[in-house]
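Data block below; observations after.
The values are calculated or read from the model by the stated rules, or taken from the named source; none is laboratory data. Given the structure is predicted, the values throughout are model-derived calculations rather than measurements. For neighbour counting, all protein chains shown are included, and Cβ atoms are generated from backbone atoms with ideal geometry for every residue, glycine included. Heads up: the accessible areas ignore ligands, DNA and RNA and are worked out on the full protein's heavy atoms, side chains in. Shrake-Rupley method; radii C 1.70, N 1.55, O 1.52, S 1.80 Å.
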Amino acid sequence: MRNGERAVGILSTADSRDHETLIATAFSNEASVSADSPDKNRMFQQLFARGNEAMNKQNWAYAVEMFMNCLKLDAENQQVRINLRISQRKMHNDNGSGARMAGMKLMGVRGRVKKLRGKEDWNAMDLAAEEGLAVNPWDGQLNADVGDACLGRGFLHVAAIAYKWAYESEQNNKEYIRKLAGTLESLADYKNAILFWEKIYKMDPLDSEARSKVTQLHAQSVMDRGGYEDADNTRDVKKQQTSEYDKFTSSPQSKQEVVGPGMSIEADLKREIRKSPENVAHYLKLAEYYKKEKRLEDARETLTQALQVSGGEPTVRENLEDVELEMLRNNYELARQAAASNPADEIAKENTLALLQELVKREIQVLNARVERYPRDSKLKVDLARRLVRVKQWDKAIPHLQQASGDQRHAAEVGLLLGKCFIGVNKKTLAISSLAKAVPHLSPQDQRAEFCEAHYLLGQLYEQAQDLTNAEKHYTEVIGADYNYRDALQRLEGVQGAAGGAG
């Protein structure tokens, strides 16, 4: 038997009985012990101390057992994960491949992990993957499985460490790098997130997401100088320790902060969720708090949980869609600012355009679904039509605008958009009619841009129809509101010259 495959190390009879009593006490009635109870904390400390003692004595198998038991009490503790992985590797003499015939031994574990993933049983999936890593702690897929399970449970710091281990095992695996980069981004560690997105882009220059992320995060890092040091403001972290394994993340806090009832809105709402995890209202309140704090990633994560709890409730889905759209808008704005700060950067311009196209496409998808869900909501129809006009899908926009035309609250915008659509499909008479209905509702003081655009388009249409009198009238309205609007002044002078020559 190889050293790496020894069972639990030799203990004295007294130690063995003590060990068995400790484990039995910790896990025989685990469900009845609250997460933050003094008994559970004491059990954790005893198990952790035994694990550290075993490491000092190089009793690696026993250390692995102790740290695995620690995980059942505090799965978010980073130092436990790190000590566990060190012990697992030492148990296999740092051979880089684990136990003999590890591939065959792990077949059952992989099947169990896959099944638990399908059920989204993140706790059981996490433990199953860790059991597999006792067989081969260098297995990239199992380390990534731990990362996925921790991500599902909201343990971002542990997920980042697990994805890092997966990446170290398979450094050309784009999926592992992508997950690591995304998690670092969520932790606001922009510097290192950029590093890994750049790795993907170098591996695949056609990967548009990687290219976009590099630009977005460069801009974000400029706007958010706090970076990863502000992670305690974006994630409720129980325990954090500094380690050599954290080299891709900033040093976490060593001090655990205790927040009592009434001291933190976020902590209070999280407590309510723990007490009543089936109550969707608590998730919605927490998500609303995150939105007000501009913590959109946290809001999205909370609403994703709420959607699962609610069984796909449409209102919850709409809240989630709104947050995702806001995140896309923020990404576009950051990219736009980055491009504006460096006009010579063609890649930045391409990224900005790609993000804008992605945003409008997603807005159209969301609004299409809502128009179907609420067929009498004229505002939704106008919102959808506005996006369709932006991408020149005139034929699709026209029916929505016609259906909304009876609502006088939107008369000005509907008339203007319909006019542009009819110009797009070369129905100029209908375009003139629609724009003529819009202009009485437009004010040159309050809606100057729309006022000028409507009169300018009418001027063009009448000019093309050789109706110079009406063309002059509408161009005059334009320059009366905005003297430098496009080429309205030149067109007006041209029309006046042509009318004078004809006279």
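Tell me whether the range 411-482 comes out rounded, prolate or oblate; compute the Cα gyration tensor, take square roots of the eigenvalues as a ≥ b ≥ c, and use a/c under 1.5 as the rounded threshold.
Here the range 411-482 falls in the oblate category.
Could you tally the net charge around GLU472, taking each other residue with its Cβ under 14 Å from the Cβ of GLU472, Lys/Arg +1 and Asp/Glu -1?
-2
Sticking with the crude label model, points 7 Å out along Cα→Cβ, report the distance from GLN171 to SER264 in nm, one decimal please.
Using points 7 Å along Cα→Cβ, the separation is 3.8 nm.
Efficiency by 1/(1 + (r/R0)^6): what FRET value for ASN484 and SER443, r their Cβ-Cβ distance, R0 = 25 Å, to the nearest 0.05?
E(calc), rounded to 0.05, equals 0.80.
In percent, what relative contact order does the range 418-460 have, based on Cα pairs under 8 Å that are 6 or more apart in sequence?
Contact order relative to length: 31 percent.
Just grab the label-to-label distance for ASP121 and GLU493, each label 7 Å out from Cα along the Cβ direction, in nm (one decimal).
Inter-label distance under the simple model: 8.0 nm.
GLN308 versus ALA436, label points 7 Å from Cα toward the beta carbon: distance in nm?
6.0 nm
What does the net charge come to around VAL495 if you take all other residues with beta carbon closer than 11 Å to its beta carbon, with K and R at +1 and D and E at -1?
For residues surrounding VAL495, the net value is -2.
Using Cα centres only, tell me the gap between the range 168-218 and the range 377-419 in whole Å.
When both Cα centres are located, 40 Å separates them.
Using the heavy atoms of the protein chains alone and a 1.4 angstrom probe, what is the accessible area of the range 343-475 per residue in square angstrom?
Per residue, the range 343-475 has an accessible area of 54 Å².
Using the alpha carbons of the range 326-394, what is the convex hull volume per residue in cubic angstrom, as a whole number?
Output value, Cα hull per residue: 85 Å³.
How do 341-354, 63-76 rank on mean C-beta neighbours within 10 Å, highest first?
The densest-packed peptide leads the list: 63-76, 341-354.
Rounded, prolate or oblate: which fits the range 141-216 when a ≥ b ≥ c are the square roots of the eigenvalues of the alpha-carbon gyration tensor, with rounded for a/c under 1.5 and prolate only if a/b beats b/c?
oblate
What net charge do the residues around ARG362 carry, taking every other residue with its C-beta under 12 Å from that of ARG362, with Lys and Arg at +1 and Asp and Glu at -1?
Net of charged neighbours comes to -3.
Using 0.36 nm times the number of residues separating ASN279 and GLN402, minus their current alpha carbon distance, what extension gain do you get?
Separation in residues times 0.36 nm, less the Cα-Cα distance, equals 40.1 nm.
Going by average Cβ density within 10 Å per residue, which order do the peptides 285-294, 122-131, 312-321, 456-465 take, highest to lowest?
122-131, 456-465, 285-294, 312-321
Once you have a ≥ b ≥ c as the square roots of the Cα gyration tensor eigenvalues for the range 55-154, tell me rounded if a/c is under 1.5, and otherwise prolate or oblate according to whether a/b is larger than b/c.
It is oblate, given that a/c is not under 1.5 and a/b is not larger than b/c.
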